[in-house]
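Peer 1: Can you read through this structure? Questions will come right after.
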Ligand SMILES: Cc1cc2nc3c(=O)[nH]c(=O)nc-3n(C[C@H](O)[C@H](O)[C@H](O)COP(=O)(O)OP(=O)(O)OC[C@H]3O[C@@H](n4cnc5c(N)ncnc54)[C@H](O)[C@@H]3O)c2cc1C
């Protein structure tokens, strides 16, 4: 598909590969590695900036679980890019990710949680790295991905450590590391686990970057744009489904116009407006999913169907990747009034 834009290539793969298999993939409980490889083979990992966001949106329109596993890499690439400036190993690893030779995820809770750290790092007796203890409540892509960029705290310092998960992918166990699969109501094929670290030993050679906890928290809002494309993709799916029914063509057109405004707001938002812009995208996804269920009628409650899956996925988008400011904006829209 050499002459197509990244968005067009992503849409073609979402419609021809992902959407037809989505119910089977959800029933199997795991995004097939062949999906990730096919998307990478189409050159979609090379997309950057607005193109990369358009890719996520189109993938999410077809299959949110695959888009969700796919988007994990955005954060990994950012930190490997920073690490690669100092260490050629990380530049090489980043090349592998961009070429689709490897796929990685990210676990940020120790970097972003105020108060006690989710994962504590203490220097090893032999001086070669750290011992990690704690639990990370959400880690996506367990058993699917080659590596995870895990954050851990040593006092006020946050360490970004790239853990090799080849053994986990092959079905094996790593001493000190245990992923407990979460029974998700939506995107269960993302294989999201609670990750327990119990005296897990990591070498100094796995350190990609370091940061100060307060600085990372203060800079967090600037990174909120990409996950917004998951919500845009769900809306896009509803626009197309409604449009396919002549009785709802006018509503589909109105929803498409709202989608354009919400996307433009996300694209223009700086850190100050990003939480509200993200909340607007999620609010639209929630309403669009409800509209699709209503347009479908009673059969929307029969699984598996496009409408019931879309409503379940809208629930996921309400709570995933949230921040206190996003949640307050959403709650304020649903239930006017001040928090206690
Ligand atoms: C199915 C699923 C899969 C997920 N997979 C991953 C994953 O692979 N990797 C990953 O890192 N996360 C993952 N998450 C977590 C997600 O990104 C959010 O951290 C989580 O949804 C926050 O929701 P909450 O309601 O638990 O937290 P809330 O209490 O609403 O807090 C939201 C987030 O804001 C942070 N926060 C609180 N105060 C501040 C502040 N002042 N400034 C900045 N941040 C603040 C919190 O630490 C938390 O991360 C996943 C979530 C879900 C539901």
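Here, each number is a calculation from the coordinates, and none is a lab measurement. A quick note: this is a predicted structure, and the numbers were derived from the prediction, not measured. Glycine gets a Cβ as well: all are built from the backbone with ideal geometry, and neighbour counts include every protein chain shown.
Peer 1: Less than 13 Å from a label point 7 Å out along the Cα-to-Cβ axis of residue 272: which backbone N atoms in the stretch 298-323 qualify, by residue?
Peer 2: none
Peer 1: Taking the square root of 5 times each eigenvalue of the Cα gyration tensor, what semi-axes in Å does the equivalent ellipsoid of the stretch 6-70 have, largest first?
Peer 2: They are 19, 11, 10 Å, listed from largest to smallest.
Peer 1: So if each residue of separation counts as 0.36 nm, and I subtract the Cα-Cα distance between residue 126 and residue 210, what length gain in nm does that give?
Peer 2: Length gained between residue 126 and residue 210: 28.2 nm.
Peer 1: Return the distance in nm (one decimal) between the two label points of a simple spin-label model at residue 99 and residue 196, each offset 7 Å from Cα along Cα→Cβ.
Peer 2: Going from the residue 99 label point to the residue 196 one covers 3.9 nm.
Peer 1: What angle do you read, to the nearest 10 degrees and between 0 and 90, between the alpha-carbon axis of helix 88-99 and the longest principal axis of the chain?
Peer 2: Its long axis makes an angle of about 20 degrees.
Peer 1: Continuing with the same structure: For the chain, take the longest principal axis of its alpha carbons; what is the angle in degrees between that and the long axis of helix 249-268, to the nearest 10 within 0 to 90?
Peer 2: Helix 249-268 sits at roughly 30 degrees to that axis.
Peer 1: Also, I was wondering about something else. Compute the relative contact order of the chain as a whole-number percentage, counting only Cα pairs closer than 8 Å that sit 6 or more residues apart in sequence.
Peer 2: Reported relative contact order: 16 percent.
Peer 1: Could you grab the Rg to Rh ratio for the chain? Cα atoms only, Kirkwood for Rh.
Peer 2: Expressed as Rg/Rh, it is 0.97.
Peer 1: Now a separate question. For the stretch 220-334, what Kirkwood radius comes out of the mean inverse Cα-Cα distance, in Å?
Peer 2: 14.3
Peer 1: Which whole-number percent is the relative contact order of the stretch 220-334 (Cα, under 8 Å, 6+ apart)?
Peer 2: 30
Peer 1: Hey, rough spin-label estimate for residue 243 and residue 328, points 7 angstrom out along Cα→Cβ, what's it come to in nanometres?
Peer 2: Output for this residue pair reads 3.8 nm.
Peer 1: Something else: Using only the C-alpha atoms of the stretch 1-144, find the volume of their convex hull and express it per residue in Å³.
Peer 2: About 144 Å³ per residue, rounded to a whole number.
Peer 1: Evaluate the relative contact order of the stretch 6-70 (contact order divided by residue number), counting alpha-carbon pairs under 8 angstrom at least 6 apart; express in whole percent.
Peer 2: The value is 51 percent.
Peer 1: Where the centroid of each part is defined by its Cα atoms, how far is the stretch 260-337 from the stretch 135-214 in Å?
Peer 2: Between the Cα centre of the stretch 260-337 and that of the stretch 135-214, the gap is 28 Å.
Peer 1: Quick one: give the max-minus-min coordinate of the C-alpha atoms of the stretch 103-212 along each principal axis, largest first, in Å.
Peer 2: 39, 30, 22
Peer 1: What is the helix-to-structure angle for 228-243, meaning the angle in degrees between its Cα long axis and the longest Cα principal axis of the chain, kept from 0 to 90 and rounded to the nearest 10?
Peer 2: Between helix and principal axis, roughly 20 degrees.
Peer 1: I need two numbers for the stretch 260-315: Rg to one decimal and Dmax as a whole number, Cα atoms only, in Å.
Peer 2: Spelled out, the Cα radius of gyration and Dmax of the stretch 260-315 are 14.0, 42 Å.
Peer 1: In deg cm²/dmol and to the nearest 500, what is the mean residue ellipticity at 222 nm of the chain if only DSSP H runs of at least 4 residues count, each as -39500 (n - 2.57), divided by the residue total?
Peer 2: -16000 deg cm²/dmol
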